[in-house]
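Notes to accompany the following structure.
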Amino acid sequence: MRIAMIAGETSGDILGAGLMQAILRICPDARFEGIGGPRMLALGFHSFVPMERLSVMGFIEPLGRLPELLRIKKNLETHFIASPPDVFVGIDSPGFNLRIEKVLHDSGIRTVHYVSPSVWAWGQKRIHKIAQAVDLVLALFPFETAIYDRHNVPVRFIGHPLADTIEIRTDDEARQQQMRMELGLSGAGSVIALMPGSRRDEIRRLGSVFFATAQRCLERDPKLRFVIPCANAERRAQVEQMLGEDEIARQVRQSFLVLDGHSHEAMLAADVVLLASGTATLEAMLLKRPMVVCYKLAPLTYALASRMLKVPYVALPNLLAGERLVPEFLQDQVTVENLQRELFALLGDGERRQLLAQRFGAIHLDIRRDASAEAARAVLEVAGHVSGAGNPSSCS
């Protein structure tokens, strides 16, 4: 059996690798090709171009890469139509994958889109394009299925893989102290994790206000410590440069611990997390950490996005709860005054932090569904290689 897949970002690579592992447990001889990242490649995936060539975000930013992206798209469509796979799986990256899925679907190839596009957030016009492009949508969150049901688009809620990999534990204080010891923070007072994003532009937009907020917080409580996990060496160099350029930051540099990766450990060590909106907010929620969420885009991109936004929240914990569980600030609301106020409000209210942990735990249970295995069964059903009960009918 041959399965085509396209992942355009690190998060897609993680989902793709989990899906491959789950499929291989059912169909050990399955072959995979398309575009994938290092985790997928390690499992034998054949990638026609490096995944990094698709890693671009926003409404305006992709325009500079448009000729290359169109060329990649055309080459992939030509290849798959000439040599049809049993099923095509587009993993997230809807701006790129939905266009390919439509072409392949029209040619008779079965298609699955893994990770629901945010039609519930940006309006319903895209739902009709999705209906014409895919045989099935795999949704990670329960609130995403309603819009597809209303428009008779096949959808399946499978849960989120991160909810499967992060344990549901109750010994929070013990593991926090253990993590602080491992990171050299055992003598610290309160600890705040700063996570301005994993992309250069995110850190450029949020890093300066995050670090200025940290400096203001230190004026009020000099015993505070800040831990900053960086996605890779390039982002660490960017963070170190930003910290070194500011005279005040240089004076309190000893209050900042900068890490290579280890976001999980940084959150566990922290009392509160200040972070960019995105998947990291889900990780913080699953680790039962109170948080302050920020969302800031390039001005023109935000001007376009804000007119289309149809939901009252952007932070995943708030969307999952259906209420404003955690404070979130958008664009011009991302100020030192707002962030400092909310951080100290959380640090000073132990009862609120405990209640948040209880709510987060309930949401964790709701989205813990063995997502990769559920996704594998769904993909193989669409491909016609397993029955609805998940039993293999043929993997050849």
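Leaving out ligands and nucleic acids, note down the accessible area per residue over the chain with a 1.4 angstrom probe, in whole Å².
On a per-residue basis, the chain sits at 44 Å².
How big is the accessible area of SER83 in square angstrom, nearest 10, if you roll a 1.4 angstrom probe over the protein chains?
We get 50 Å² for SER83.
Tell me the accessible surface of VAL334 in square angstrom (1.4 angstrom probe, heavy atoms of protein chains only), to the nearest ten.
Accessible surface of VAL334 is approximately 10 Å².
If DNA, RNA and ligands are ignored and the probe is 1.4 Å, what is the ranking of GLU337, GLU9, GLU351 by accessible area, most exposed first?
Ranked from most to least accessible, the order is GLU351, GLU337, GLU9.
Using the crude model of +1 on Lys and Arg Cβ and -1 on Asp and Glu Cβ, and no other charge, please compute the dipole size for the chain relative to its Cα centre, in debye to 20. Kindly include the intermediate steps, with their values, before the conclusion.
Numbers: 45 positive and 45 negative charges, 135 e Å.
Charge dipole of the chain: 660 debye, to the nearest 20.
Would you mind telling me which residue in LEU282, LEU43, LEU104 has the biggest mean-square fluctuation in a Gaussian network model of the chain, where springs connect alpha carbons within a distance under 10 angstrom?
Comparing LEU282, LEU43, LEU104 in the GNM, the peak value goes to LEU43.
Compute the separation of the alpha-carbon centres of segment 363-377 and segment 176-193 and state it in Å as a whole number.
Spelled out, the Cα-based centre of one part sits 32 Å from the other.
Cα centroid distance between segment 79-146 and segment 203-217, in Å?
38 Å
I'd like the carbon and sulfur percentage of the solvent accessible area for the chain, probe radius 1.4 Å, heavy atoms only, ligands and nucleic acids excluded.
51 percent
Taking 2.2 N^0.38 Å as the expected size of a compact globular protein, what ratio does the Cα radius of gyration of segment 250-385 give against it, to two decimals?
The reported ratio for this selection is 1.25.
Using alpha-carbon pairs under 8 Å, 6+ residues apart, how would you state the relative contact order of the chain in percent? Mind dumping the intermediate values first?
Values: 664 pairs, mean separation 68.4, N = 396.
Relative contact order, the chain: 17 percent.
Arrange the residues SER277, SER116 by how much accessible surface each exposes, largest first, with a 1.4 angstrom probe.
Values: SER277 30, SER116 5 Å².
Descending order: SER277, SER116.
Write out the cysteines belonging to the chain for which the nearest other cysteine Cβ is not under 4.7 Å, or none if no such cysteine exists.
CYS217, CYS230, CYS294
From the Cα gyration tensor of the chain, with a ≥ b ≥ c the square roots of its eigenvalues, which class applies: rounded if a/c is under 1.5, or else prolate if a/b is larger than b/c, or else oblate?
Prolate, since a/c reaches 1.5 and a/b exceeds b/c.
Quick one: the Cα spread of segment 172-299 along its three principal axes, in angstroms, biggest first?
Each principal axis gives a Cα extent; for segment 172-299 these are 42, 32, 27 Å.
Can you give the calculated 222 nm mean residue ellipticity of the chain, where each DSSP H run of n ≥ 4 adds -39,500 (n - 2.57) and the sum is split over every residue, rounded to the nearest 500 deg cm²/dmol?
Using -39500 (n - 2.57) per qualifying helix, the result is -15000 deg cm²/dmol.
The values are calculated or read from the model by the stated rules, or taken from the named source; none is laboratory data. All values derive from a computational prediction rather than experimental measurement. In this analysis, Cβ positions are derived from the backbone assuming ideal geometry, glycine residues included, and neighbour counts consider all displayed protein chains. Heavy atoms of the whole protein, side chains included, go into the accessibility calculation; ligands, DNA and RNA do not. Shrake-Rupley method; radii C 1.70, N 1.55, O 1.52, S 1.80 Å.
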